[in-house]
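**Q** Please read through the structure below; I'll follow up with questions.
Computed from the coordinates by the stated procedures, all read-outs in this text should not be read as laboratory data. Remember, predicted model here, so these are calculated numbers, not experimental data. Glycine gets a Cβ as well: all are built from the backbone with ideal geometry, and neighbour counts include every protein chain shown.
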Amino acid sequence: MPDLLAARSQMGVSLAFHIVFAVVGIAMPVMMVVAERRWQVTGHAIYLDLAKRWARGTAILFAVGAVSGTVLSFELGLLWPGFMRFAGSIIGMPFSLEGFAFFTEAIFLGVYLYGWDRISARAHLGAGVAVALSGAASGIFVVIANAWMNAPTGFQLVDGRAVNVDPVAAMASPAAFPQALHMTLAAYAATGLAVAGIHAFFLLKDPANAFHRRALEIALLVGAPAAVLQPISGDMAARHIARYQPLKLAAAEALFRTESGAPLSLGGWPDVARRETRFALEIPRGLSLLAFHDPNARVQGLDAAPQDEWPSVPAVHLSFQLMVALGTYMALVAVWAGWLAWRRTDLAHHRWLMRALALGTPTGFIAVEAGWMVTELGRQPWVIYGVLKTRDAVTPMPGLVVPFLTFTLLYCFLGVIVCWLLYRQILRSPDVPEWRGFYMPGRGKREKGSEAP
Amino acid sequence: MSLADVLAGVIFVALNAYTVLGGADFGGGVWDLFATGPRKQRQRDLVAEAIGPVWEANHVWLILAVVLLFTCFPPAFARLGTLLHIPLSLVLIGIVLRGSAFTFWRYGGTEDKELHHWGVTFAIASLITPLLLGTTVGAIASGALGEGGSGKGEGFYSIYVGPWLNPFTLSVGVFALVAFAFLAAVYLTLEAEDRELRADFRARALGTGVALFGAAVLALLLSARYAPRVRNGLIFAGWAVPLHAFTAVAAITALAALWRGAWRVARVVAAIQVSLILWGWGLSQYPYLLPPDVTIADAAAPAATLRLALGALALGAAVLLPSLAYLFRVFKKRPAALA
């Protein structure tokens, strides 16, 4: 395995592993806080149980997220010293801010997890809110750093060196807002719908189970609105890359030739040798319409750049299609659930909705991974778009396949254990007979004392 | 003193905090590994209780130091990442295993056998990580990592292994391990709620306190050959004598306080003692970030970045310091003191 490929693979595995924990770390504290607040308002222990379970889940996932994030911050130097030498002074700022946000999150998570009996109810809820807010903030800062790699600003390039460095302008990269919005919504949608899906699965077998019903409610409350909004932010992100990273869009859409009124290819296999996309369903003018909101707009194809500057078109195209398809599914299911709730249907007894939710459990996470594939693979061969090639940033150390395999094994091992722990700690429904009485058949969301605070 | 010096100082403060807080958490793991006697289980429980609420926050000092290093001194970070790839990767594996094992152990199953595995993983990772961390510090101090350092030779071994693997760097690793264990034992005397448990950790603190002196002497002897700049700084610089005097006073006070049962005093003085030793290292290689030739000024980012970093630090401190104070007030106040 060539060293460059090994380094990219190690970074890819580290990011793919960490992003799962980062995403849950952003959204799960929100669910935990909602559950605790409901407990404080209704006084029903089922919400306390939920809050404690989600807090345990957050603790497990946050710990793994914290250490895998530490790995990433070191790997920037261990694998990409050339990148850090060039970019450290320009985009170190969002990383430093992320450090502070993460610090705040760690402090208040400690207070939250261990402070149930030590501080007042109000202070405890406040600590939970601080965890949720700082979690979202640290995610946003890291995405801002990534956005700069996609649309670098805030410096001038003179003889291969960055001069007139302006870290504030670097943080205000045009990619920053669309990317940060898309990723933050993704975190809530993926986590909320995954948790909802798991509880929907249990409700299929036991629709009267009060524990799973309450969990489903709160998870949908957090996940469904984000899933509905996500296509809108996706549209913003796509229009951004159409303007600033046309090659990434061309690869994502498998558009080989620059054309006006470009069609949208659904599915299909991009045949790079023949420079055409085969077996795709084409919607005339669809891409021009989506990318520029103008059916006749001219969309740049891959032919605008020499082929050695193309990303891997099949990988980017398939990832993009996968992300869009899964995102669409999630948005539709969320709208459906919202509609049924509006009609005051008892969701837990709606078997088709429960099936659709259960089926959608992993979709958000797969979509997140696929979306990052598009962002990162779509930028290749550049690590900083148009400025620094990935191959010029890699460490000179040989034998990188060894750390790649080591960290991959470590992460596989941890992944299995985390899944097992989560199952045991959060999902198994509690065995408290009197909680069954908390559920009144047919009224679903409307029963007394369970309205949102 | 330049802006870059100030930021280098701030990074050193973060490292200092990581040493006296995060270091003690590693030390706790060491005492978990070496839990002995009739109160074995209670010793382990005390360690877990003491570390639980604070270890995540303590760990972030390291991340803060790293991100500030790559923001303010990118070339130095790139050099460290390249030449110390192997030990830093091993440190990372240790950090990953320590953190996740501790969490799995606390939130894990109910079966003793499974818990035992996590406990052992946590303890062993706590033992190895400080050794390697100390080794990387030794590599920097020895002057192997600068442009003209000994890491300039030919071949894989002399570039990627030689600079951090020699008797001196290993002695610094041992020193770090003993220092962390010492800090943990001293802190745990204050955390312990009953007399017997406290006596256990008092004995451990006194033992490691003496061992720390031995480890320091060993590292100093080896530095004559492997890290002459640090050694000369530590012996001949103008600040050397007062620094050593203060360190000695702190060390003796710590041991005396332990002997007499002044646990609170011992905690403060032990932390000061270890901090002074750390600052001795820092001062001895000033103004070099990576001796023998990369200075703080050489490696510094442009002034615009440094100014902003300082601003971000002020802002961050305004949020962090009250939060941290709150965390420690909630969890590190002894029940006796509350009553």
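**Q** Taking only DSSP H segments of four or more residues, each worth -39500 (n - 2.57), what value at 222 nm results for chain B once the sum is divided by all its residues, to the nearest 500 deg cm²/dmol? Walk me through the numbers on the way to the answer.
**A** Numbers: 15 runs with 266 residues, N = 339.
Helix-only estimate at 222 nm: -26500 deg cm²/dmol.
**Q** Kindly put A:W339, A:W148 in sequence by how many other C-beta atoms sit within 10 Å of each C-beta, fewest to most.
**A** Listed from fewest to most nearby Cβ atoms, that is A:W339, A:W148.
**Q** What Kirkwood radius, in Å to one decimal, follows from the Cα pairs of chain A? Display every interim value, and only then the final one.
**A** Numbers: mean 1/r = 0.0428 Å⁻¹.
Evaluated over chain A, this radius sits at 23.3 Å.
**Q** Starting from the coordinates of the alpha-carbon atoms of region B:50-181, obtain the Kirkwood hydrodynamic radius over all distinct pairs and give the value in Å to one decimal. Please list the in-between numbers first.
**A** Values: mean 1/r = 0.0620 Å⁻¹.
Kirkwood hydrodynamic radius for region B:50-181: 16.1 Å.
**Q** Out of residues 5 or more away from A:E259 or on other chains, whose amide H comes under 5 Å of its own, with H placed 1.01 Å from N in the peptide plane?
**A** Residues meeting the criterion, in which the H sits 1.01 Å from N, are A:V299, A:G301.
**Q** Here's something else I'd like to know. Report the calculated FRET efficiency for A:R243 and B:T36 (r = Cβ-Cβ distance, R0 = 56 Å), to the nearest 0.05.
**A** Working: r = 67 Å, r/R0 = 1.19.
My answer for the efficiency is 0.25.
**Q** Note down the Stokes-Einstein diffusion coefficient of region A:362-425 in µm²/s, whole number, using a Kirkwood radius over alpha carbon pairs, 25 °C, and 0.890 mPa s.
**A** Numbers: Rh = 14.8 Å.
D, rounded to a whole number, is 166 µm²/s.
**Q** Based on Cβ point charges of +1 for Lys and Arg and -1 for Asp and Glu, what charge dipole magnitude is obtained for region B:3-338 about its Cα centre, in debye rounded to the nearest 20?
**A** On the way: 24 positive and 18 negative charges, 151 e Å.
Once rounded to the nearest 20, the dipole reads 720 debye.
**Q** Explain nothing, just the number: relative contact order of chain B, from Cα pairs under 8 Å at least 6 residues apart, as a whole percent.
**A** Values: 446 pairs, mean separation 78.2, N = 339.
Worked out over chain B, it gives 23 percent.
**Q** Which residue, chosen from B:S323, B:V186, B:L92, occupies the Cα position most advanced towards the positive end of the dipole of chain B, where the dipole is computed from +1 (Lys, Arg) and -1 (Asp, Glu) charges on Cβ about the Cα centre?
**A** Of the options given, the answer is B:V186.
**Q** Turning to a different aspect of this structure: Can you give me the distance in nm between label points at B:R329 and B:V265, each placed 7 Å from the Cα along the Cα-to-Cβ direction?
**A** So the label points at B:R329 and B:V265 sit 2.7 nm apart.
**Q** Also, quick follow-up: In whole Å, largest first, what are the principal axis extents of the Cα atoms in the protein assembly as shown?
**A** So the extents along the principal axes, rounded to whole Å, are 81, 72, 42.
**Q** Also, quick follow-up: Using the charge dipole of the protein assembly as shown (Lys, Arg: +1 at Cβ; Asp, Glu: -1 at Cβ; taken about the Cα centre), state which of B:G52, A:F17, A:I241 has its Cα farthest towards the positive end.
**A** Going by the Cα projections, it comes out as B:G52.
**Q** Further question on the same structure: Looking at the square roots a ≥ b ≥ c of the eigenvalues of the Cα gyration tensor of region A:16-109, which shape do they give, rounded for a/c under 1.5, prolate if a/b is larger than b/c, or oblate? Kindly include the intermediate steps, with their values, before the conclusion.
**A** On the way: a/c = 4.19, a/b = 2.72, b/c = 1.54.
In terms of gyration-tensor shape, prolate.
**Q** Using alpha-carbon pairs under 8 Å, 6+ residues apart, how would you state the relative contact order of chain A in percent?
**A** 20
**Q** Which whole-Hz couplings ³J(HN,Hα) result when phi for each residue of region B:292-301 is put into the Karplus expression 6.51 cos²θ - 1.76 cosθ + 1.60, θ = phi - 60°, listed in order with x for Gly and Pro?
**A** x, 9, 8, 8, 4, 5, 4, 8, 5, 6
**Q** Order the peptides A:313-321, B:22-30 from the highest to the lowest mean number of other Cβ atoms within 10 Å of their residues.
**A** Numbers: A:313-321: 22.2, B:22-30: 27.9.
Descending packing order for the listed peptides: B:22-30, A:313-321.
**Q** Of A:M1, A:A325, A:L125, whose Cα points farthest to the positive end of the dipole of chain A (charges on the beta-carbon: +1 Lys, Arg; -1 Asp, Glu; origin at the Cα centre)?
**A** A:L125
**Q** Based on Cβ point charges of +1 for Lys and Arg and -1 for Asp and Glu, what charge dipole magnitude is obtained for the protein assembly as shown about its Cα centre, in debye rounded to the nearest 20?
**A** Values: 60 positive and 47 negative charges, 341 e Å.
The dipole magnitude comes to about 1640 debye.
**Q** Using a Förster distance of 51 Å, how high is the FRET efficiency between B:K113 and A:R274, based on the Cβ-Cβ distance and rounded to 0.05? Can you show the working numbers first?
**A** Numbers: r = 59 Å, r/R0 = 1.16.
The value I calculate is 0.30.
**Q** While we're here: Once you place label points 7 Å from the Cα toward the Cβ at A:D117 and A:L157, how far apart are they in nm?
**A** Each label point is offset 7 Å from its Cα along the Cβ direction, giving 6.1 nm.
**Q** Something else: Considering Cα pairs under 8 angstrom that are at least six residues apart, work out the relative contact order of region A:246-301 and quote it in whole percent. Walk me through the intermediate numbers first.
**A** On the way: 111 pairs, mean separation 23.5, N = 56.
Taking the mean separation of contacting Cα pairs over the length of region A:246-301, I get 42 percent.
**Q** Averaged over A:113-120, how many beta carbons belonging to a partner chain fall within 10 Å of each residue's beta carbon? Could you put the intermediate results ahead of the total?
**A** Numbers: counts 5, 7, 5, 0, 0, 5, 2, 0.
Shielding by partners across A:113-120 averages 3.
**Q** In whole angstrom, note down how far apart the Cα centers of region B:175-194 and region A:114-165 are.
**A** Centre-to-centre (Cα) distance: 34 Å.
**Q** Check B:A262: other-chain or 5+ apart residues with amide H under 5 Å from its amide H, H built from backbone geometry?
**A** Those qualifying (amide H under 5 Å, at least 5 residues apart or on another chain) number zero.
**Q** Right, next: Taking the alpha-carbon centroid of each part, what is the distance from region A:57-102 to region A:290-363 in angstrom?
**A** If we compute the Cα centre of each part, the gap is 29 Å.
**Q** Modelled label-to-label distance, B:V319 and A:S260, 7 Å Cα→beta-carbon offset: nm?
**A** About 4.9 nm separates the two model spin labels.
**Q** Kirkwood hydrodynamic radius, region B:3-338, all distinct C-alpha pairs: what's the number in Å? It would help to have the intermediate numbers written out before the result.
**A** Numbers: mean 1/r = 0.0483 Å⁻¹.
Taking the inverse mean of 1/r over all distinct Cα pairs, region B:3-338 comes out at 20.7 Å.
**Q** I'd like the FRET efficiency for A:A169 and A:A305, computed as 1/(1 + (r/R0)^6) with the beta carbon distance as r and R0 of 25 Å, rounded to 0.05. If you can, show how the numbers build up before the last one.
**A** Working: r = 26 Å, r/R0 = 1.04.
Working from the Cβ atoms, E equals 0.45.
**Q** If you don't mind, another one. Pop out the ³J(HN,Hα) list for region A:236-244 in order, Karplus 6.51 cos²θ - 1.76 cosθ + 1.60 with θ = phi - 60°, rounded to Hz; leave Gly and Pro as x.
**A** Running phi through 6.51 cos²θ - 1.76 cosθ + 1.60 with θ = phi - 60° gives 4, 5, 5, 5, 5, 5, 4, 7, 9 Hz.
**Q** Under 5 Å between amide H atoms, partner at least 5 residues away or on a different chain: which partners does A:L264 have, H built in plane at 1.01 Å?
**A** A:I283, A:R285, A:G286, A:L287
**Q** Cut-off is 10 Å between beta-carbons; in what order do A:F95, A:F100 appear when sorted fewest neighbours first? Present the calculation step by step, with values, prior to reporting the outcome.
**A** Numbers: A:F95 21, A:F100 24.
Neighbour counts put them in this order, fewest first: A:F95, A:F100.
**Q** When a footprinting reagent is the concern and you count Cβ atoms within 10 Å, what order do B:F236, A:F86 take, fewest first? Mind showing how you got there, number by number?
**A** Values: B:F236 10, A:F86 25.
So the residues, fewest neighbours to most, are B:F236, A:F86.
**Q** I would also like to ask the following. Output wanted: per-residue J couplings in Hz (rounded whole) for region A:149-164, from phi through Karplus 6.51 cos²θ - 1.76 cosθ + 1.60, θ = phi - 60°, x for Gly and Pro.
**A** 5, 7, 9, x, 9, x, 6, 10, 9, 10, 6, x, 10, 8, 10, 6
**Q** Now a separate question. Mind checking the mean number of beta-carbon atoms from other chains within 10 Å of the Cβ atoms in A:165-172?
**A** The shielding value for this peptide is 3.
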